[in-house]
Amino acid sequence: MNPNFGSKRLVVGAHYGARDWLAQRVTAVLMALFTIVVLAQVLMPGALGYDRWAGIFSQQWMKFLTFVTILSLLYHAWVGMRDIWMDYVQHVGVRLVMHVFTLVWLVGCAGWAIQVLWRL
């Protein structure tokens with residue numbers, strides 16, 4: 001007698017589900033914390049001008065936090081856009097083009113963000 005009852009389920013695919021779901025939640029929390037930190041510094045008493053903005057982002061920990069937040073935003077956007085393309089674009093060739101376009105766009109945004117941060 002066969003100890004396995006029912007049909008054996010064949011699991012295929014890339015298995016991104018749980019990992020990417022968790023990654024999007026973690027990156028969203030990190031971006032929310034960054035927003036709270038920036039708002040807390042902006043809402044402090046005093047005039048809000050260039051000197052204050054430069055002072056906020058001149059500290060090394062803030063540069064690092066900004067860099068990590070930008071990377072989190074890029075990964076968050078990649079996972080979201082990849083899921084949209086996989087769910088709604090049925091033609092494999094068009095989906096591949098959209099994936100490549102999204103990656104090139106996000107890498108370009110990362111390069112621009114790093115260039116801006118380098119000047120601070």
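At-a-glance table
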quantity: Net charge of Cβ neighbours under 12 Å - reference ALA113; Lys, Arg +1; Asp, Glu -1; calculated: +2
quantity: Contour minus Cα-Cα distance for GLN115 and LEU103 (0.36 nm per residue); calculated: 2.5 nm
quantity: Computed FRET value (nearest 0.05) for LYS63 with ARG25, which takes r as the C-beta separation and R₀ as 25 Å; calculated: 0.50
quantity: Accessible area of the chain belonging to carbon and sulfur atoms, whole % at 1.4 Å probe; calculated: 73 percent
quantity: For region 92-108, 3J(HN,Hα) per residue [Karplus equation, 6.51 cos²θ - 1.76 cosθ + 1.60, θ = phi - 60°, Hz, x = Gly/Pro]; calculated: 5, x, 5, 4, 4, 4, 5, 4, 5, 4, 4, 4, 4, 4, 5, 5, x
quantity: Ellipticity estimate at 222 nm from DSSP helix runs (n ≥ 4, -39,500 (n - 2.57)) divided over the chain, nearest 500; calculated: -27000 deg cm²/dmol
quantity: Extension reserve of the LEU39-TYR88 stretch, reckoned as 0.36 nm per residue once the Cα distance is removed; calculated: 14.0 nm
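The values are calculated or read from the model by the stated rules, or taken from the named source; none is laboratory data. Computed from a prediction, not measured in an experiment: that's the story for all the values here. Heads up, the Cβs are rebuilt from the backbone with ideal geometry, glycines too, and the neighbour counts pull from every protein chain shown. These area figures cover heavy atoms from the full protein model, side chains too; ligands, DNA and RNA do not enter into them. Shrake-Rupley method; radii C 1.70, N 1.55, O 1.52, S 1.80 Å.
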